[in-house]
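Take a look at the structure below.
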Amino acid sequence: MAVGARSGRDEGEERPEGAERDAERDARESDDGAEDGAEARPHRSFWKELPLLIGIALLLALLIKTFLVQAFSIPSDSMQNTLQRGDRVLVDKLTPWFGSEPERGEVVVFHDPASWLAGEPTPEPNFAQQILSKIGLMPSADEKDLIKRTIAIGGDTVECKKGGPVVVNGKELDEPYIFPGNTPCDDAPFGPITVPKGKIWVMGDHRQNSQDSRYHMQDSTQGFVPVDKVVGRAVVVAWPVTRWATLPIPDTFDQPGIGDQAPAKAIGVGPAALGLAGAVPVVLWRRRRGLTSRTTDR
């Protein structure tokens, strides 16, 4: 028994010459295979990854512009001094997708509901502007959109007598955003009017220079803007940088009894920036994956 045990230990310590040669050959083949694998998956340089980064950024910018946020250019003076001609604003397009409707006091962009812009000159964008506006890198080239302030929503009663303030549901509005020297509605008094469900009543902040709901009461829409025509809420003045500002709901629309008030939402970056932010992690992940694969093969 003792001899058998000693013999077993001796056999475990000694390796036949053939087995050693087989092990050395397997090791060389393994090293050769690792080198071949590393050569088959070279680490791409940043400049080779750059087109992919740009492509992903543009794709994400297009998706963001379509569903989340879009830039619009202010073409007129109807919203002075809140907005100036040439300002670029970012419009929140996300919340309408979840059934949210405009609230009192919001500055909204909406499609022309009944030829409100008939006769207005429309700039013809060049090819580059058309492409860049489609992917959200420039303000919308579609000048058939308008921007106004929501004064009353479906179910509200709104009126404004000459010499008086705008009144919503019996509450007088304090409107410090009105252009200096303007009156609330002396140029076109109206009401009382009850806003139908699914519609809004809009007015420009430059009251004496705004063809808003008051001037379209004889149209097919009777001056109301259908909610389904609303593109979204303007939340930020993004350009020029010297005029950067958010566009909150004025306090006068929060007074008790005027109605429910939804919390304001703000989006502070544009589609291009969001697209780039989304593209960078994808490219870094691919680069890291390639580096990890190369290290593991060796």
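The values are calculated or read from the model by the stated rules, or taken from the named source; none is laboratory data. Keep in mind that what you see is a predicted model, and the values were worked out from it rather than measured. Cβ placement follows ideal geometry from the backbone for every residue including glycine, while neighbour counts extend to all protein chains displayed. Note: accessible area is taken over every heavy atom of the protein model, side chains too, but ligands, DNA and RNA are not part of it. Shrake-Rupley method; radii C 1.70, N 1.55, O 1.52, S 1.80 Å.
With a 1.4 Å probe and every protein chain left in place, tell me how much accessible area Thr183 has, in Å² to the nearest 10.
Answer for Thr183: close to 40 Å² accessible.
For Ile200, what residues show an amide H to amide H distance below 5 Å, using hydrogens built from the backbone and excluding near sequence neighbours?
Val225, Val227
Ordering Glu106, Glu172 by how much accessible area each has at a 1.4 Å probe, largest first, what is the list? The partial results should precede the final answer.
On the way: Glu106 20, Glu172 120 Å².
Greatest to least solvent exposure: Glu172, Glu106.
In sequence order, what are the phi-derived ³J(HN,Hα) couplings for the stretch 72-86 according to the Karplus relation 6.51 cos²θ - 1.76 cosθ + 1.60 with θ = phi - 60°, rounded to whole Hz, with x for glycine and proline?
Each residue's phi maps through the Karplus curve to give 10, 9, 8, x, 9, 9, 5, 10, 5, 8, 4, 10, 9, 4, x Hz.
Describe numerically, in nm with one decimal, the distance between label points set 7 Å from Cα along Cα→Cβ at Ser220 and at Asn169.
About 3.1 nm, to one decimal.
With a 1.4 Å probe and every protein chain left in place, tell me how much accessible area Trp239 has, in Å² to the nearest 10.
Trp239 has an accessible surface of roughly 140 Å² with all protein chains in place.
Between Gln208 and Ala245, what length in nm is gained on full extension when 0.36 nm per residue of separation is reduced by their alpha carbon distance? Please report the intermediate quantities before stating the final value.
On the way: separation 37, 0.36 × 37 = 13.32 nm, distance 2.42 nm.
Gain on stretching Gln208 to Ala245: 10.9 nm.
Among Lys171, Lys144, Lys93, what's the order by accessible area (1.4 angstrom probe), most exposed first?
Working: Lys171 70, Lys144 95, Lys93 30 Å².
Listed by decreasing accessible area, they come as Lys144, Lys171, Lys93.
In terms of modelled amide H atoms, which long-range or inter-chain residues lie less than 5 Å from the amide H of Gly155?
Val195, Lys197
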